[in-house]
Amino acid sequence: MKHLIVVTLLCTPGAFSALNVTVIGTGYVGLVTSAYLAERHNVTAYDIDTAKIRSLQCGKSPLYEPGLDELLTGNRVRLDFTSDCHRAVKNADIIMLAVGTPSLPDGGTDLRALESAALSVAQNLDHNAIIIIKSTVPVGTTRMLEKLFEESCSHRVYVVSNPEFLREGCSVYDVHNPDRIVIGTRSMEIKPIIEELYRDIIDRNIPCVHTTPESAEMIKYAANAFLAMKISFANELARICDATGASMRDVRCGIGLDHRINPHFLMPGPGFGGSCFPKDVRGLIAIARLHNVPLNLIPAIMTTNDTQQRYICEQLRNALNGSCAGKTIAICGIAFKANTDDTRESPAVAIMENLAQEGALIRVYDPVARLTKTSAHGTQCESWQEAASDADALMILTEWPEFANISLAEARALLRNPIIIDARGTISSALAKREGFTYRGLGSMDE
Ligand code: UGA
């Protein structure tokens, strides 16, 4: 049934029920959000990728995301998939834009997919509606879309910035348990409708930040840049710990107990990767550049991150007496973090590229992620044992729980040299040493 939003809903407060929600884009944000919203609302998930939609219609998720299949199946009755835009927006009260906003070569944000999705919606819309921007977009994009709808659509369209904070690998948990909901709109009258969308969360007193679209857009960049800054800070601290013998594990615990700091996102590692942090830090720098705001700290987050993979290669080189050329390196983990098959901007891929350039032979094992064309610098193996067999060193680059259970005695027997570079602090340095390994962690985890 078609909801005449604003007219019907706002005249009868308390009368809200299931909304008709259309989600444009079935990437991990769009799909997880669709599956979650279908617990209470009637959801249509739209994508221009017909193969993806066909697969979803057959009950097959195109993504590796723990818990997503169950959520999709459980809510299938209120969840429709289509690649017909007219059908997708026909009865929608709320249309969410959750399309990709990748980096441009200059670090700015490529909004072509978002603009094209908005135009398709505008052309097909035959009633008033609320447009929610879920994609991460530069400050000013909501205003830009308001203008686009004013110019290309004869119906009343409210554009809202409502960024997501889902982490890949645990997005099904996050979508049900966010720390906050951010709603950026200039139209006070639609706030109750957005709140209705998230009624189950709001009823649990999870805070809702009401703000302008500009602040909402900025909150998303600020959150990601701050978290990325913590990681770069931890990685630099770990390097100082390596040089001085201090223990990063203890330093993290000692500073993390200060509530103003907290221990999260202070785990040293091979650098942050994925489709969000690198893109969004670069995006924030581009926003500042556009507005002639000089920056020092934020660009340094990226510089530190970019040098972290070289630092880890240097550790390997040292353990191999100065060169990786001609050596076979077993790499455990190519996903940018555990619980995902995503290798986009994965530090492991950058490390593999460095090693391949130096003439190393690489064998890769990841429980889920596969080598792609852009990460194809090695041979894919089906177990860590296969990768380690006759290799000169073993590197752990993703914190998959499986790697914490690597049998060191078995690894010792398989490897040509007993060398482990553990960029995630996954295995016990004390045990590794007892087994006769040369163990290099980060931040003197090898104490
Ligand atoms: C990140 C944010 O955490 C989400 O809140 C946000 O919604 C999302 O980006 C997004 O913008 O869509 P995600 O990229 O899935 O989520 O992954 P994170 O769990 O944040 O990890 C990012 C990177 O930081 C990974 O490479 C991870 O290994 C690394 N990391 C994380 C560390 O090196 N150390 C840490 O202590 C934590």
If a helix is a whole DSSP H run, which ones in the chain reach 20 Å or further along their own axis (Cα) and hold a mean Kyte-Doolittle hydropathy of at least 0.0?
213-244
Note to self: C-alpha centroids of region 248-324 and region 373-431 sit apart, in Å, by 23 Å
Considering only the chain, what is the antiparallel percent among its DSSP beta bridges, to the nearest 5?
5 percent
Taking the C-alpha atoms of the chain, how large are the radius of gyration and the largest Cα-Cα span, Dmax, in Å?
24.0, 76
Would you tally the net charge around residue 208, using a Cβ to Cβ cut-off of less than 15 Å, leaving residue 208 out, and scoring K and R as +1, D and E as -1?
-2
Step by step: find N for region 40-182, compute 2.2 N^0.38 Å, then divide the Cα radius of gyration by it. What's the final number?
1.08
If each K or R counts +1 and each D or E counts -1, the residues other than residue 99 whose Cβ falls under 10 Å of its Cβ total 0
Quick check on the chain: helices-only [θ] at 222 nm, where DSSP H runs of length 4 and up contribute -39,500 (n - 2.57) each and the sum goes over total residues. Nearest 500, please.
-12000 deg cm²/dmol
How about region 364-446: which GluC sites (Glu not before Pro) there lie in a loop by DSSP and see at most 12 other Cβ atoms within 10 Å?
382
Roughly what would the spin-label model give for residue 58 and residue 253, points 7 Å off Cα along C-beta, in nm?
5.1 nm
5 angstrom amide H check on residue 133, placed H, neighbours 5+ away:
97, 160, 161, 162
Given a cut-off of under 8 Å on Cα pairs at least six residues apart, what relative contact order in percent is computed for region 192-288?
32 percent
Work out how much length residue 215 to residue 314 would gain on full extension: take 0.36 nm times their residue separation and subtract the Cα-Cα distance, in nm to one decimal.
31.5 nm
For a quick check: with amide H placed at 1.01 Å from N, whose amide H comes under 5 Å from residue 399's, ignoring anything fewer than 5 positions away on the same chain?
338
Which FRET efficiency, nearest 0.05, do residue 428 and residue 51 yield, Cβ-Cβ r, R0 45 Å?
0.50
Can you tell me the length gained on complete extension of the stretch residue 296 to residue 170, counting 0.36 nm per residue apart and subtracting the Cα distance?
42.1 nm
Testing the spin-label approximation: label points 7 Å from Cα along Cα→Cβ at residue 404 and residue 288. State their distance in nm.
3.6 nm
Calculate the FRET efficiency for residue 77 and residue 115 from the Cβ-Cβ distance with a Förster distance of 45 Å, rounded to the nearest 0.05.
0.85
Tell me the net charge near residue 267. Cut-off is 12 Å between Cβ atoms, residue 267 excluded, with +1 for each Lys or Arg and -1 for each Asp or Glu.
+4
Relative contact order for the chain using alpha-carbon pairs under 8 Å, separation at least 6, rounded to a whole percent?
11 percent
Placed amide H near residue 182: partners under 5 Å, 5+ positions off or other chain
209
For region 271-343, Rg(Cα) over 2.2 N^0.38 Å is 1.46
In what sequence, highest mean first, do 98-107, 158-167, 262-271 appear when ranked by Cβ atoms within 10 angstrom?
158-167, 262-271, 98-107
Counting other Cβ atoms within 10 Å of each Cβ, which trypsin sites (Lys or Arg not before Pro) in region 309-412 have at most 13 and sit in a DSSP loop?
370
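Here, each number is a calculation from the coordinates, and none is a lab measurement. Keep in mind that this is a model prediction, so the values were computed, not measured. Here the Cβ is made from the backbone with ideal geometry for all residues, glycine too, and neighbour counts use every protein chain on show.
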